1. Give, rounded to the nearest 20 debye, the magnitude of the charge dipole that chain A has about its Cα centre when Lys and Arg contribute +1 at Cβ and Asp and Glu contribute -1 at Cβ.
2. Just name one of A:198, B:218, B:73: the one whose Cα is farthest towards the positive end of the charge dipole of the protein assembly as shown (beta-carbon charges, Lys/Arg +1, Asp/Glu -1).
3. Taking a ≥ b ≥ c as the square roots of the eigenvalues of the Cα gyration tensor of chain A, is the shape rounded (a/c under 1.5), prolate (a/b larger than b/c) or oblate?
4. Rank the residues B:23, B:70 as a footprinting-exposure proxy: fewest other Cβ atoms within 10 Å of their Cβ go first.
5. Whole-Hz Karplus ³J(HN,Hα) for the stretch B:378-385, in order, using 6.51 cos²θ - 1.76 cosθ + 1.60 and θ = phi - 60°, x for Gly and Pro?
6. Where does the protein assembly as shown land at 222 nm, in deg cm²/dmol rounded to the nearest 500, when only DSSP H runs of n ≥ 4 count, each adding -39500 (n - 2.57), divided by all residues?
7. Sort B:413-420, B:268-275 by packing, meaning the average of other beta carbons within 10 Å per residue, with the highest value first.
8. Can you pull a Stokes-Einstein diffusion coefficient for the stretch B:327-428 at 4 °C (1.567 mPa s), Rh from Kirkwood over Cα pairs, as a whole number of µm²/s?
Amino acid sequence: MNQPGHQVVVTGVGIVTSLGVGRAAHQAVLSASQAPAPVTDSEQFAPYTIHPLPEIDWSQQIPRRGDQRQMENWQRLGVFTAGLALDDAGLKDDAERCASMDMIVAAGGGERDVTVDTLIVEEARSRNDREVLLNEKLTTELRPTLFLAQLSNLLAGNISIVHKVTGSSRTFMGEEGAGVSAFETAHARIAAGQSTHCLVGGAFISERFDILLVVDAMGLLQSGETRPFWSRTEETGGINLGTGSAFLVLESLEHAEARGATIYARLDSVIGDRGSREADRLEQRMADLADQVAPGATGAGTLIVSGATGIPGLSARERDFLAGRFPEASTCSQAALLGHCIEAQFPIGMALASLAIAQDGAVCPFTDGTNAPMNAAPATALVTTVGHQRGEGLARLSALRS
Amino acid sequence: MTKSAYRDHLGRPIVAVTGMGVVTSLGQGLSDNWAALTSGRSGIHTITRFPTEKLSTRISGTVDFIDVPVPNSVERSYAFARETTLEALTQAGLSGDFGGPLFLAAPPIEPEWSARFDLSDRVPQDQRRGNAYQQFLAVLHARPDPQFYEAIQFGSISERLADRFGTRGLPVTLSTACASGATAIQLGVEAIRQGRTERALTVATDGSVSAEALIRFSLLSALSTHNDQPEKASKPFTKDRDGFVIAEGAATLVLESLEAALARGARVLGILTGCGEKADHFHRTRSSPDGGPAIATIHAALADAGLSEESIGYINAHGTSTPENDKMEYQALSTVFGERMPNVPVSSNKSMIGHTLTAAGAVEAVFSLQTMITGVLPPTINYDNPDPAIPLDAVPNVKRDKAVTSVLSNSFGFGGQNACLVMTAEPA
C-alpha cells in the first residue's frame, strides 16, 4: 500500500511515560545496562495496577494558566508532549512551518466529572423520574468547559491554540487502531507529496475510573496482586493500563534536509488491518502485513517494539508469530515496562523505535529474562500493535545511512 | 477518452462520485429528502425520545424512524450509516465486498445514562460505596458485559460497517467536530489520488442526540431555544437567529477514480474536484473574527480544484444559524467572492434539517451534488427577517431552478476545524 515517492523521515520525538518526561529520559532507559523497574501504582485504583503520570511541570509547554485550566490531564498531556516534539524538531518557534504543518491526533475521550456522575447515580436510586433528575442535575452541575475537555478533537484543537499548528487538524478515533491509522495516513500523504511535514501522535491517561471502565467492561484488566507481564493468566486478567503520550514530527526527506533537520530514522512503511481473530486468521493477517512492510526479512539487526497488550492469549499469539517470522530479531514488550496506552500505544512504540535506531550502541531489554538484549543499535525497527479487541498495525523504520 | 481526460490539473486521478445515500430528519433516502428539501419543509420537531423537562432547548432533528435493537448512539449511528451505505452502493451498482478503504466520520462515544442507571441497579446494596465508576467496575469485573462494552468503544461502528460491506484494510474513524463529514470525504479523495485504491467508501453518521448532548451545547449557548415553533427555529442569516438546532443524520458517498468508474460503466454523479482545510488557533469554540482560517480553507479548496472563485455557481453554506458562525461565514465568503458575492446564491440546508454535527459535511455534499444533477437550488427557509449585515442571496424560502456546474460547500467546527469541498458536475 505504501507507494514509492517521497521518503518519510522522523525529525522530532516528544515522549512522556510513567518512566519520565522527554526524549533524554527515554534514551537513558534504552541505553541502560539493565532493564529499569516499571513505575506502577496498585493502590489508588485497587484492585487494578496502573502506570501513573510522572511529575510534570505543565507550564514548560503550556505557558498560559488559562490554557491549562481549559483542559483536563488527557489533553494537557497530549498538548505538552506535542510541544516536546516540536521543540525536539527545532520547529517550536518556527511560526511559518507550524502554520503550514499538518496534524493527526489519535484520540479517545476526555475525563468525565466523576463527582457529578456519582451524585446523579446516587440520587437516581431513590427516584422514579430519573431522566428528569438527570436534566436537572446536568443543567446545574456540569461545568461548561468540561464538555470541551471531553471532546475528542479538542486535544488537536488545543495543540492549535497553544502551539499554533494550523496547517490542518484531524482526529482519529477507535482505540489502538486510531494510532496506527494516524501514522499510516500521515506517511501516505507525505509519500504522495500531499503533505511536507506532519505532527502525529496521541495521549492516554490510565488514572481515571471512567477509562478503567471502558476496558474492564470486558474483564480485560489485570487485577489483584501485581504480576509480571508474561505471568498473567486469563483468570487474573491481562492489561495494566499505562499513562503516556508520544508525538512525532514526520517530514519528507527533502523538507527535512532543506531546513537542516536532525533525522532519527526513516519511516519506510506502516500499514493497519482488521478482521476476525478466529482460528489462525490473526496470524494470517499479521503475515500479510509483514509481507508488505518487511518482505523477506528474518529480523537480523532488527529491534521489534511490540505493543502487545498483556492479554495472555492474544499476547502469546503475537509473540509466537513474531518469533516464527523474525527469528533473528530482538523483541521488546512495551507494555511490560510502560503499561498499555490504547490510542497512544502505537505512537509510543514509534517514538521508542525512532530513539533506538538513532542511538549509539546496545539497546536495553525492556524487561529482564524474556526479552533478548540487542548488542548494537538496530539498523531496522518494527513496531507492532495488536488491539485489545480489534485492529492490528505494523511499521518499519530504518536508519538513514548517508 | 485519452488518459489525460482522467487526470486533473495537477496530474492526479480525477475522483468521481458514483453512489450517494442520505438519512436526515426529513426522511430516509435521497429521493424523499430532496423532495422535502426543495419544497422547503423542516424536519425539526419537539423531542420525544427522552423527557425534556427543565431543558432550555426541547427541539431537535432527531431521526426516530429507523429501528435499532438497543437505544444508544452507537446502534443509531451504525443503523443510519448502514442504511445510507446500502443506498449508495445500490446506486453505484456495486455488490459483494466493496474492496476499498472505509473512512467514517462518527460521533465521540460515551456510555448512555440509561446504561449507567442500569449498571447502578446491578450494584449489590453492600457494595454501594466509593464513586459511581468504582461501583460499576465492581459489577463488571465480576461479570463482564460485552454488549455494554461494544456500546462504549469508538471503533464499534466502523468495525461493523467493515464487516457488513467488506471494506479493505483498517478503517479510519475520525472526528473533526462539525467538519467531520467533509474530512471523511477528503480522506477518500486523498487515498484515490495517492493511487492506494481505485475506490473509497466515505460515510458520516451521527445518532448521538441525548439530554446530556443538548445540555452541553446549551451551556455553551450554542442552541436555539425557539421551542414553540420547532420548524421555525433554524433561521440562518436572519436577524433573529439564536443558535443551531441539533440534529441527526448520515450520508454515504462512493468515490471512485473517474477512470475506474467509467471502465466499469458506472454512472458518474459528480466530481469531487477540490478539498481544503486549515485549522484556527483563535479559540476553542469561536472562529477568528476576521474569518482568516475560513478564508484560507476556501482558497485551499479552490486551489486544489484548480478553479477560481468565478467558476463557483452556488454555495452550500455551513449556515448554522448561530449569531457568530453566520457572521463569520459571510465575512469569509464576501472576502473570497468580493464584488461577485451578491450574485452567488448561498443557501443553508440546516434551515430545514438542523445541524447534523458529525454527519453534516457529507449530508450537505450529497445535497450539493444533487443540486447540480437536478438544476434546483434548495432554499434557506425561515428567511423572514434578513440580517442586513449579511447581504447574501440566500435563496430565500423557495427553491430556485438554476443550472449550476460547480458548488462550494463549507464546514466549520469547534476546535478550530475548517474544511471546504468543491464539487463539479460530471464531465459531459
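Just so you know, all these numbers are worked out from the coordinates, no wet-lab data involved. Since the structure is predicted, the reported quantities are computational estimates derived from the model, not experimental observations. Glycine gets a Cβ as well: all are built from the backbone with ideal geometry, and neighbour counts include every protein chain shown.
1. Values: 31 positive and 47 negative charges, 116 e Å.
So the magnitude is around 560 debye.
2. A:198
3. Details: a/c = 1.73, a/b = 1.23, b/c = 1.40.
The shape class here is oblate.
4. On the way: B:23 31, B:70 14.
Lowest to highest Cβ neighbour count: B:70, B:23.
5. Along the stretch B:378-385, the couplings run x, x, 9, 8, 6, 8, 9, 9 Hz.
6. The per-residue figure over the protein assembly as shown is -10500 deg cm²/dmol.
7. Working: B:413-420: 30.1, B:268-275: 23.4.
Highest-to-lowest ranking by the protection proxy: B:413-420, B:268-275.
8. Details: Rh = 14.4 Å.
Reported coefficient: 90 µm²/s.
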